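The values are calculated or read from the model by the stated rules, or taken from the named source; none is laboratory data. Keep in mind that this is a model prediction, so the values were computed, not measured. In this analysis, Cβ positions are derived from the backbone assuming ideal geometry, glycine residues included, and neighbour counts consider all displayed protein chains.
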């Protein structure tokens with residue numbers, strides 16, 4: 001059996017334990033297709049040739065993880081190497097073999113004989129580590145995330161911070177995949193030359209349903225122009241198994257000179273770099289144009305003072321990670337609302353950054369109860385500012401009663417214009 | 001038992017569980033490498049997934065059927081993590097975990113952390129768990145029928161992540177006495193610190209311990225080992241103080257760890273010792289000073305990357 005010959009090159013053991021035989025049986029005949037990597041055992045040399053398709057195999061840990069372990073193994077090597085190795089002697093090689101085996105079995109395994117306590121994850125076959133890939137004519141970046149137990153909050157669902165971390169991650173990975181990363185943070189090479197950076201000014205998130213432990217979410221993201229000198233990044237988060245839309249988000253970015261901190265027009269050179277990646281689509285979230293009011297001590301009903309960043313709140317630039325602001329905003333939202341309601345919509349305006357030594361205060365005002373046509377919905381206004389006064393973030397949140405989601409609302413993925 | 005060689009699954013013999021993870025951008029810290037909280041979260045995740053895969057509960061408690069009948073839950077008593085080389089953004093790691101009996105009232109869970117690309121072990125961890133009655137909040141001896149339920153899934157022979165004698169995971173942690181060197185007072189649990197059972201997440205305590213480490217150390221050193229003894233639960237409404245002091249080794253001076261005093265000890269050796277800091281930690285309730293956790297950490301000079 002051809003396939004057995006292939007696997008035997010990974011198990012250069014003469015006395016194979018029973019378990020390995022059962023593995024051999026599971027492999028299908030012929031070549032296995034990993035949806036990107038074809039393994040073709042060639043009859044003549046008994047070696048495995050690996051062909052990759054057009055999309056560059058992802059680099060992980062600085063090495064192309066799929067290719068490297070496979071290339072090193074040929075049955076000739078096995079035959080001409082050491083005398084019969086026992087199971088014990090194989091142990092030092094096991095982890096490398098495991099990496100090679102994993103890539104083959106991901107594609108070949110057809111039946112799950114174990115208790116399947118997690119839903120099937122077909123996307124994992126193509127993107128086993130969830131690095132993400134460009135789809136849809138090269139304009140949309142897609143990455144899957146498995147919701148982990150520690151990402152589940154007190155509400156027993158993934159927290160809004162978890163969702164926003166996923167959005168942030170896909171944004172960076174999109175830039176990297178599209179070759180737009182000059183410095184690792186979304187600035188193109190042309191921008192780096194001119195000391196320009198992207199700065200997010202506005203973010204809108206609408207959550208239809210929060211995923212829970214074990215769910216695998218699919219995050220699609222793309223960029224479009226926003227006015228003449230801005231960029232809009234949209235996200236669509238869906239349940240990778242059912243296709244149900246979970247979250248929609250949209251963000252607006254402007255270009256700023258990182259030295260002068262002044263806003264900048266998009267230079268022609270940079271326009272040439274980024275415009276080919278722009279999608280011509282409507283925002284995935286209808287823009288909430290209502291002005292965000294600035295709260296103060298007299299208009300805010302709830303104030304939480306003395307908020308200080310922890311070490312884990314800081315990003316690589318030692319600034320407080322954008323996502324952490326959301327956590328602070330929620331901190332001053334009254335516990336009564338947070339416990340009985342869930343955040344269904346949020347609009348944020350980012351004003352300034354803060355760092356480790358900042359001391360902040362979070363102000364909240366409840367601005368509407370059940371006045372949006374939806375019984376039980378609550379609206380709040382927020383302000384996050386340094387205690388000395390500078391504004392960090394302004395926001396508006398909407399909350400719906402928990403367990404009051406609309407049923408059977410299976411949104412279609414909006415048709416993307418090319 | 002059929003092995004499932006996917007991102008995560010029980011191993012061949014069913015006695016341990018392995019899972020792969022990719023380090024994501026929001027899991028790295030100011031040093032561009034995975035934070036210790038990320039590592040600790042992944043250890044917790046793998047432990048939960050192991051429990052789930054052998055049929056234990058999915059409510060976050062990881063309890064067996066008999067335990068649930070008797071209202072018993074596992075509570076962490078001690079956690080010890082050593083990291084030799086922190087993984088970076090986009091690195092793929094694999095964690096293997098297994099459980100074992102520990103004395104009459106406890107169980108231990110061990111982990112080995114591997115870098116998938118190099119196959120190297122970059123970290124090890126071990127933890128001790130005791131059984132507590134959910135209602136009375138009192139410790140309870142592990143009865144034989146409960147033991148039977150989970151021992152089935154434990155290796156037959158003792159298998160230790162830290163097999164070496166007198167290893168750091170066994171070290172007793174002294175209670176921090178005055179003078180306290182560094183402190184951060186008034187830490188409050190955030191909503192994001194609560195787990196699905198509304199308790200302050202075990203990993204949050206690690207963050208609190210580190211809060212009182214000053215910037216000078218954080219900028220130049222990285223955490224090599226951390227040991228935490230969990231003494232008392234912290235509730236959502238508690239306020240916590242984080243205190244740090246230097247750990248004194250027997251007969252040594254205040255700052256550096258004692259060398260072996262041998263005549264052949266080189267200047268380099270002494271410098272290495274200066275590059276290693278050891279601290280004792282205490283987390284206590286601000287209100288009445290009652291101890292929540294005590295810990296010790298070791299820090300090494302950051303390698304040049």
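At a glance:
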| read-out | value |
| --- | --- |
| Per-region count, segment B:191-207, residues facing another protein chain (nearest Cβ under 8 Å) and under 15 Å from residue B:242 (Cβ atoms) | 2 |
| Failed condition for residue B:26, given (1) in contact (Cβ under 8 Å) with a residue 24 or more places away in the chain; (2) assigned to a helix (DSSP H, G or I) | (1) |
| Top-ranked residue in segment A:315-342 [being part of a helix (DSSP H, G or I) and under 19 Å from the mean Cα position of the chain (by Cα); ranked as farthest from the other protein chains (Cβ to nearest Cβ)] | A:325 |
| All positions within segment B:29-50 that are touching a residue at least 24 places away in the same chain (Cβ under 8 Å), touching a helix residue (DSSP H, G or I) at 6+ places or on another chain (Cβ under 7 Å) and either outside any helix (DSSP H, G or I) or more than 8 Å from every other protein chain (Cβ to nearest Cβ) (or both) | B:34, B:36, B:40 |
| Residue match in segment B:159-181 (condition: more than 22 Å from the chain's Cα centre (by Cα), away from chain A (no Cβ under 14 Å) and not in a loop (DSSP other than H, G, I, E, B)) | no |
| Single unsatisfied condition, residue A:209 versus (1) over 24 Å from residue A:377 (Cβ atoms); (2) surrounded by fewer than 21 Cβ atoms within 10 Å (Cβ to Cβ) | (1) |
| Hey, residue A:206 under 15 Å from residue A:162 (Cα atoms), at pLDDT 95 or above and touching a helix residue (DSSP H, G or I) at 6+ places or on another chain (Cβ under 8 Å) or not | no |
| Leading residue by the ranking (farthest from the other protein chains (Cβ to nearest Cβ)) among those in segment A:155-166 that are closer than 22 Å to residue A:133 by Cβ and buried (at least 24 other Cβ atoms within 10 Å of the Cβ) | A:163 |
| Of the criteria (1) touching a strand residue (DSSP E or B) at 6+ places or on another chain (Cβ under 8 Å); (2) farther than 29 Å from residue A:208 by Cα; (3) away from chain B (no Cβ under 14 Å); (4) in contact (Cβ under 8 Å) with a residue 12 or more places away in the chain, which one residue A:251 fails | (2) |
| Number of the exception - residue B:122 against (1) more than 14 Å from chain A (Cβ to nearest Cβ); (2) out of contact with any helix residue (DSSP H, G or I) (no Cβ under 7 Å at 6 or more places or on another chain); (3) closer than 16 Å to residue B:223 by Cβ | (1) |
| Scan of segment B:189-211 for residues that are in a loop (DSSP other than H, G, I, E, B) and within 14 Å of residue B:294 (Cα to Cα), ordered by number | none |
| Hits in segment B:135-149 (condition: surrounded by 15 or more Cβ atoms within 10 Å (Cβ to Cβ) and more than 23 Å from the chain's Cα centre (by Cα)) | B:146, B:147, B:149 |
| Subset tally (residues that are more than 12 Å from every other protein chain (Cβ to nearest Cβ) and touching a helix residue (DSSP H, G or I) at 6+ places or on another chain (Cβ under 7 Å)) for segment A:134-154 | 3 |
| Condition met for residue B:92 (out of contact with any helix residue (DSSP H, G or I) (no Cβ under 7 Å at 6 or more places or on another chain), in contact (Cβ under 8 Å) with a residue 24 or more places away in the chain and under 30 Å from residue B:69 (Cα atoms)) | no |
| Checking residue A:260 against (1) modelled with pLDDT under 90; (2) crowded, with 22+ Cβ neighbours inside 10 Å, the condition it does not meet | (2) |
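Residues checked against (1) modelled with pLDDT of 85 or more; (2) loosely packed, with under 15 Cβ neighbours inside 10 Å; (3) not assigned by the TED database to the domain that holds residue A:157:
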position	(1), (2), (3)
A:276	yes, yes, no
A:294	yes, yes, yes
A:299	yes, yes, yes
A:310	yes, no, yes
A:324	yes, no, yes
A:340	yes, yes, yes
A:343	yes, no, yes
A:371	no, yes, yes
A:377	yes, no, yes
